[in-house]
Structure formats: C-alpha cells, structure tokens
Amino acid sequence: MRIGELARVAGTSPRALRHYEQAGLLTSERAPNGYRVYDDGAAVRVRNIRGLLDAGFTLEDVRPFLGCLDSDAFGPPSAGALRIARERLAVLERRIAAQHETRDRLVAAIAAAEAAVPG
C-alpha cells in the first residue's frame with residue numbers, strides 16, 4: 001500500500017510515517033515511480049508505534065520493542081524494554097507531581113486573592 005493509504009488505515013499522517021521511517025522504525029520499498037510502498041503488516045506496526053508514543057515513550061524508547069511491533073498481541077517484553085518503560089513511568093510521575101504542586105499553589109493563590117476582595 002502507498003503512504004496515503006497506510007496513513008489512513010493506521011490513523012496517522014504521511015509525515016509521521018516518513019518520520020518513523022527516518023528513525024528506523026518502519027521500512028518501505030520504492031515503486032518504479034518513486035512512491036513508497038508498504039507491506040500489509042505495516043499498519044499493525046504503525047498502530048503499535050502510535051500506542052507506545054501515546055503512552056509517553058519517545059521514538060528512541062520504541063527501538064527495543066521493534067521485535068514485537070508487528071503483532072496485534074505484544075509478546076513478553078525484553079529486560080531492556082521493561083527498563084525503558086519503568087524509566088519513562090518515573091519521568092511521567094515526576095511531571096505529574098510537579099503539575100500537582102503547581103495546581104495547589106494556584107488554588108492557594110486564587111483563594112488568597114478572593115479572600116482579599118471585599119464584600
């Protein structure tokens with residue numbers, strides 16, 4: 001299938017597909033006219049890449065998962081993949097904690113400002 005069809009089937013953009021290919025996560029062949037042509041399994045791979053990215057992974061984080069991206073059912077992850085997942089989770093937890101602290105400061109500031117308004 002060509003890049004536009006793959007983008008439609010996988011729910012992403014042709015630009016993202018070219019980016020995944022440049023990052024070494026996706027491969028294509030070239031038709032005689034120069035168009036990229038992907039095999040039928042590429043849609044599953046792209047959906048799995050998108051799933052990992054949506055979960056907070058970076059493209060570099062996705063690399064250790066390459067061996068299991070071509071199936072609808074992920075197999076057991078490698079030790080390296082689990083390490084990356086735990087590291088990514090720790091980063092996300094730190095960000096969430098920082099956002100909670102910021103929210104709490106804003107709530108306190110609003111409450112103080114409202115208390116200072118007469119009437």
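Among what's in region 75-119 and is among the polar types (S, T, N, Q) and part of a helix (DSSP H, G or I), pick the residue that is farthest from residue 59 (Cα to Cα).
Of region 75-119, the ones among the polar types (S, T, N, Q) are 78, 99, 102.
From what's left, part of a helix (DSSP H, G or I): 99, 102.
Numbers: 99: 24, 102: 29 Å.
The residue in question is 102.
Restricting region 40-69 to residues that are β-branched (Val, Ile, Thr) and crowded, with 16+ Cβ neighbours inside 10 Å, which is farthest from residue 29 (Cα to Cα)?
Kept after step one, since they are β-branched (Val, Ile, Thr), are these residues of region 40-69: 44, 46, 49, 58, 62.
Then keep just the ones that are crowded, with 16+ Cβ neighbours inside 10 Å; that gives 46, 49, 62.
Numbers: 46: 16, 49: 19, 62: 22 Å.
Within region 40-69, the match that is farthest from residue 29 (Cα to Cα) is 62.
Being open to solvent by less than 40 Å² (accessible area, probe 1.4 Å) and at pLDDT 95 or above is the requirement here; does residue 31 meet it?
Working: open to solvent by less than 40 Å² (accessible area, probe 1.4 Å): yes; at pLDDT 95 or above: no.
No, not satisfied.
What is the number of the single condition among (1) of a type in the set (Gly, Ala, Ser); (2) at negative phi; (3) touching a residue at least 12 places away in the same chain (Cβ under 8 Å) that residue 56 does not meet?
Unmet condition: (2).
Spot the failing condition for residue 116; the list is (1) surrounded by 10 or more Cβ atoms within 10 Å (Cβ to Cβ); (2) modelled with pLDDT of 90 or more, and only one is missed.
Result: residue 116 fails condition (1) only.
Look at region 26-74 and say how many of its residues are more than 14 Å from the chain's Cα centre (by Cα), under 17 Å from residue 5 (Cβ atoms) and among the charged types (D, E, K, R).
Qualifying residue count, region 26-74: 5.
Please pick out the residue among 23, 85 that is farther than 23 Å from residue 2 by Cβ and either surrounded by fewer than 16 Cβ atoms within 10 Å (Cβ to Cβ) or at pLDDT below 95 (or both). Step through it out loud before you land on a result.
Values: 23 fails: farther than 23 Å from residue 2 by Cβ.
Exactly one of 23, 85 is farther than 23 Å from residue 2 by Cβ and either surrounded by fewer than 16 Cβ atoms within 10 Å (Cβ to Cβ) or at pLDDT below 95 (or both), namely 85.
Can you list residue pairs whose Cβ atoms sit under 8 Å apart, with the first residue in region 60-71 being in contact (Cβ under 8 Å) with a residue 24 or more places away in the chain and basic (Lys, Arg) and the second being in a loop (DSSP other than H, G, I, E, B) and open to solvent by less than 80 Å² (accessible area, probe 1.4 Å)? Count only pairs 6 or more apart in sequence or on different chains.
63/24; 63/25
Could you look through region 1-20, keep only residues that are among the aliphatic types (A, V, I, L, M) and over 15 Å from the mean Cα position of the chain (by Cα), and pick out the one that is surrounded by the most Cβ atoms within 10 Å (Cβ to Cβ)?
6
The values are calculated or read from the model by the stated rules, or taken from the named source; none is laboratory data. In this text, all values refer to a predicted model and were calculated from it rather than measured experimentally. A quick note on method: Cβ atoms are made from the backbone with ideal geometry, for glycine too, and the neighbour counts reach across all protein chains shown. The accessibility values were calculated without ligands, DNA or RNA, using every heavy atom of the protein model including side chains. Shrake-Rupley method; radii C 1.70, N 1.55, O 1.52, S 1.80 Å.
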